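A.B. asks: Submitted below is the structure of interest, expressed as structure tokens.
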Amino acid sequence: MAKDVYESPLSARYASREMQYLFSPDMKFCTWRRLWIALAEAEMELGLPVTEEQVEELKAHASDINYEVAQEREKVVRHDVMSHVYAYGQQCPKAAGIIHLGATSCYVGDNTDIIIMTKALELVRNKLVNVLRVLAAFAEEYKSLPTLAFTHFQPAQPTTVGKRATLWMQDLLMDLEDVEYQLSKAKLLGSKGTTGTQASFLELFEGDHEKVKELDERIAKKLGYPTCFAVSGQTYSRKLDSQMLSILSGIAQSAAKFSNDIRLLQHLKEVEEPFEKGQIGSSAMAYKRNPMRSERIASLARYVMADALNPAMTMATQWFERTLDDSANKRISVPEAFLAVDGILDLYGNVADGLVVYPKVIEQHMMRELPFMATENIMMDAVKRGGNRQELHERIRVHSMEAARVVKEQGGENDLLQRIAGDPVFGVTLEELRAILQPEKYVGRAPRQTEEFLAGAVDPVLEKYKDVETEKAEVMV
């Protein structure tokens, strides 16, 4: 690897080898040849002067691309597609005259883009499933562990560690639904010609409209797609790119939310992301354990969310049947969005699979706040013993304010229970109050909700994709 030229961090540090291959020259140009083979074979089947021998010759050189020939030819003709047509023809002299017959450059360019994006989205789907699998195990393990819940990052009613994980999974399930829907309607551009009218193919088939339509369908099926776009200009609608990156942006949003929660929890010392034995958290502060992986998720996610604006603007500014101001933009924005999301999901899975939970710290934080949260129960019990609700409410308000002042202004411990026990209007001892303060009594349906969510929403997805596995990512920290 040359060290004196720019190298994208998405390839060097973040994206998996599998995702990098999908956007590689080999994948691109091998797919071009698959498309030329499908076109020639379909034209032969529909009666055009293309022979079996020519098709077989094309198939024999489907993957051994003579890049040097194509590169030298492009210096002369300044056209990438025609350079590769020429190079393919050099390897297939018998078929040289029928390669790309009737087609325009977008036949290989746009159909290939769709095929690559589809495969890339399938890989994203598989990695989403793997993250869900890891989070499901985490939620099951900690479904009953009470923890402080927060609204506005202020202590609120308790929840459980597992229930909080279901919130992360719910977001990912919504993303997975979007991915599945997009894949369910995947279709090729097909062979639409220069402005989408299929005029060149109508000429080849001597005015036979049905054969021209059949050509589209046969090409689609040979490439594994159910159909083609019904109409197009020269290109497929750039709305597709916008939809694809909108889905990737949604995944980035979900991952960023998770990463922010982990960063906050790590600050609280309640939950930490994995930390390698020899890992250095800070070059200056040797004691530090920074949430580097979660921060990287947030960083990459921010890039994807901004990048998703590119195809939206490109789609909005396409003129009539096509303009070329999409080309340079989409060559960058689409692959990099997929590469970044691939890296995000690898990091997400890595962090989720190695989360370290500290129950004692969680309990300590809970017990510091629980007396305030238990006051309503204490008040109701006192009312049952004959107390006046309004008077009790005022006494609790006063005691709570004083206890909070001790904590905030003096740095002392929460002494609310002692204050209530010492107030005869409540008629309760300190031991009785402490018996009330069992965190599991204040988590509502959180454990049951977690069980129901896993059984009803997550398990069916994991069962559906039980055979889906991706390689465990090696995260470069």
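A.B. asks: Over the chain, what is the mean sequence separation of C-alpha contacts under 8 Å (at least six apart), divided by residue count, expressed as relative contact order in percent?
C.D. replies: Averaging sequence separation for qualifying contacts and normalising by length gives 19 percent for the chain.
A.B. asks: Angle, helix 239-268 long axis vs. longest principal axis of the chain, Cα atoms, 0 to 90°, nearest 10?
C.D. replies: The angle comes out near 30 degrees.
A.B. asks: Here's something else I'd like to know. Under 14 Å from the Cβ of Leu39, count the other residues' Cβ atoms, weight Lys and Arg +1, Asp and Glu -1, and hand me the total.
C.D. replies: Once all neighbours under 14 Å are counted, the net charge is +1.
A.B. asks: Would you mind checking the radius of gyration and Dmax of the chain based on alpha-carbon positions, in Å?
C.D. replies: 30.9, 104
A.B. asks: For the range 389-475, what is the convex hull volume of its Cα atoms per residue in Å³?
C.D. replies: 194
A.B. asks: Could you put Phe201, Phe426 in order, starting from the residue whose Cβ has the fewest other Cβ atoms within 10 Å?
C.D. replies: Phe426, Phe201
A.B. asks: Here's a follow-up. Using the 10 angstrom Cβ neighbour count as an exposure proxy, how do Met313, Met27, Met19 rank, fewest first?
C.D. replies: Ordered by Cβ neighbours within 10 Å, fewest first: Met313, Met27, Met19.
A.B. asks: Which angle between 0 and 90 degrees, to the nearest 10, do you get for helix 80-91 versus the longest principal axis of the chain when only C-alpha atoms count?
C.D. replies: With rounding to tens, the tilt is 60 degrees.
A.B. asks: Here's a follow-up. Say the dipole of the range 16-98 comes from +1 at the beta carbon of Lys and Arg and -1 at that of Asp and Glu; which of Met82, Ala60, Trp36 then lies farthest toward its positive end?
C.D. replies: Met82
A.B. asks: Rounded to the nearest 20 debye, what is the charge dipole size of the chain about its Cα centre when +1 sits on each Lys and Arg Cβ and -1 on each Asp and Glu Cβ?
C.D. replies: The dipole of the chain has a size of about 1300 debye.
A.B. asks: Which of the residue pairs Lys75/Lys187; Lys127/Lys269; Lys59/Lys94; Lys28/Lys330 have a Cα-Cα distance greater than 24 Å in the structure shown?
C.D. replies: Among Lys75/Lys187; Lys127/Lys269; Lys59/Lys94; Lys28/Lys330, the Cα-Cα distance tops 24 Å for Lys75/Lys187; Lys127/Lys269.
A.B. asks: Still on this structure, I have one more. For the range 40-166, what's the relative contact order in percent, using C-alpha pairs closer than 8 Å and at least 6 residues apart?
C.D. replies: It comes to 15 percent, rounded to a whole number.
A.B. asks: Work out the charge dipole of the chain with +1 on the Cβ of Lys and Arg and -1 on the Cβ of Asp and Glu about the Cα centre, then indicate which of Val231, Tyr181, Ala199 is farthest towards its positive end.
C.D. replies: Toward the positive end, the furthest listed residue is Tyr181.
A.B. asks: Angle check, please: helix 389-410 long axis (alpha carbons) against the longest principal axis of the chain (alpha carbons), in degrees 0 to 90, nearest 10.
C.D. replies: Between the helix axis and the principal axis of the chain, the angle is about 70 degrees.
A.B. asks: For the range 1-126, what D do you get in µm² per second when you plug the Kirkwood radius from alpha-carbon pairs into Stokes-Einstein at 25 °C and 0.890 mPa s?
C.D. replies: 154
A.B. asks: Okay, moving on. With a cap of 11 neighbouring Cβ atoms within 10 Å, and only residues DSSP puts in a loop, list the GluC sites (Glu not before Pro) found in the range 197-269.
C.D. replies: Glu206
A.B. asks: Scan the range 1-86 for GluC sites (Glu not before Pro) in coil per DSSP, keeping those whose Cβ has at most 16 other Cβ atoms within 10 Å, and list them by number.
C.D. replies: The qualifying sites are Glu7.
A.B. asks: Within a Cβ distance under 14 Å of Asp467, other residues only, what is the Lys/Arg minus Asp/Glu net charge?
C.D. replies: The answer is +1.
A.B. asks: Hey, got a sec? Which trypsin sites (Lys or Arg not before Pro) in the range 173-207 land in a DSSP loop and have at most 15 other Cβ atoms within 10 Å?
C.D. replies: Filter output for the range 173-207: Lys185.
A.B. asks: Something else about it: What net charge do the residues around Ala435 carry, taking every other residue with its C-beta under 12 Å from that of Ala435, with Lys and Arg at +1 and Asp and Glu at -1?
C.D. replies: That sum, taken over residues with Cβ under 12 Å, equals -1.
A.B. asks: Right, something else. Evaluate the relative contact order of the range 16-98 (contact order divided by residue number), counting alpha-carbon pairs under 8 angstrom at least 6 apart; express in whole percent.
C.D. replies: 25
Throughout, read-outs are computed from the coordinates displayed, never taken from laboratory work. What you see is a predicted model, and the numbers here were worked out from it, not measured in a lab. Quick reminder, even Gly has a Cβ in these numbers, built from the backbone with ideal geometry, and neighbours come from all protein chains shown.
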